[in-house]
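For reference, the structure discussed in these notes is given below.
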Amino acid sequence: MPILTGCDLSRRRIPRLEIESSKGPGVWLTACAHGDEVGSIVAVHDLFLRLEKSGLKKGSVRGYPLMNPIGFDVCSRHITISEEDLNRSFPGRPDGSLAERIAHTIFQSILATKPDLVLDLHNDWTRTIPYIVLDANSRDLNPSYPGLRRKLIKLAAATHFPLVEEPDPLRKTLSHTLIQHGIPALTIELGESRVVNEENVAKGVSAIWNMLSEMEMVEPADQEQ
């Protein structure tokens, strides 16, 4: 998906992955909003490889495994051209800064599919363990979205990861903004940034699989072919 045309007319794009089965829930996986969070990229790719092998019972899974290719080029947390944090730029603006324009493109494409769940994958600091973040905004949802917080907690429990609830909303993050629009969203932290920790990647893929199983989109892990 095009995000930027350079002064030399080169075009920067972000990859999009999709796998669909019969009618059913729609789930999005997003990763590498911060360019140094390389483990999250691998987790999304490995999840799609597992889906290709084992099959999707129903619904669809879509993914943006590399949302910040500009920062990824130099292993930087920010979009290096503008020194902006993409995950503090949502929902973005079509006429805004570079980060806001990229955020707008990503956010609108996700909204257009009316997903039932969005999982935003990140990597934390050195020697951290995988965990899930529930945005504080989920406590104050518009009554138009009943049961959303309860649904998020139930799905998070299926991962067997520690669940951390933010005391204050992390405004302009992808998860926070999605929840404001009534779309269930969770942030998954998969250990340290800048390296690919295969153990944490495997734990992340397993955790996401358990959530998809909870939604009856895939077979439980112990029943896979």
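The values are calculated or read from the model by the stated rules, or taken from the named source; none is laboratory data. It should be emphasised that the depicted structure is a prediction, and the values quoted were computed from it without experimental measurement. Positions of Cβ are generated from backbone atoms using ideal geometry, with glycine treated the same way; all protein chains shown enter the neighbour counts. The area values use the complete protein model at the heavy-atom level, side chains included, leaving out ligands, DNA and RNA. Shrake-Rupley method; radii C 1.70, N 1.55, O 1.52, S 1.80 Å.
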| said: Given R₀ = 25 Å, what would the calculated FRET efficiency be for ILE81 paired with GLN108, taking r from the Cβ atoms and rounding to 0.05? | reply: 0.70
| request: In whole Å, largest first, what are the principal axis extents of the Cα atoms in the range 92-137? | output: 39, 27, 18
| remark: Rounded to the nearest 10, the angle in degrees between the Cα long axis of helix 38-54 and the longest principal axis of the Cα atoms of the chain comes to 40
| said: I'd like the carbon and sulfur percentage of the solvent accessible area for the chain, probe radius 1.4 Å, heavy atoms only, ligands and nucleic acids excluded. | reply: 50
| remark: Rounded to the nearest 10 degrees, the helix 198-214 long axis (Cα) sits at an angle to the longest Cα principal axis of the chain of 60
| What ranking of VAL118, VAL196 comes out by heavy-atom accessible area, probe 1.4 Å, highest first? | VAL196, VAL118
| Between ARG127 and ALA202, 0.36 nm times their residue separation minus their Cα-Cα distance comes to what? | 25.4 nm
| note | With the 8 Å Cα cutoff and a minimum separation of six or more residues, the range 1-125 has a relative contact order in percent of 31
| task | With an 8 Å cut-off on Cα pairs and a minimum separation of 6 or more residues, tell me the relative contact order of the range 142-225 in percent. | result | 31
| message | Nothing charged except the Cβ atoms of Lys and Arg (+1) and of Asp and Glu (-1): what's the magnitude of the dipole of the chain about its Cα centre? Round to the nearest 20 debye. | response | 640
| For the chain, what is the percent of antiparallel DSSP beta bridges, rounded to the nearest 5? | 35
| request: Counting only C-alpha contacts under 8 Å and six or more residues apart, can you give the relative contact order of the chain as a whole percent? | output: 24
| query | Order of 75-88, 98-111 by packing, highest average Cβ count within 10 Å first? | reply | 98-111, 75-88
| task | Scan (1) 180; (2) 124; (3) 115 for the value of volume of the Cα convex hull per residue in Å³ calculated from this model and give just the label. | result | (2)
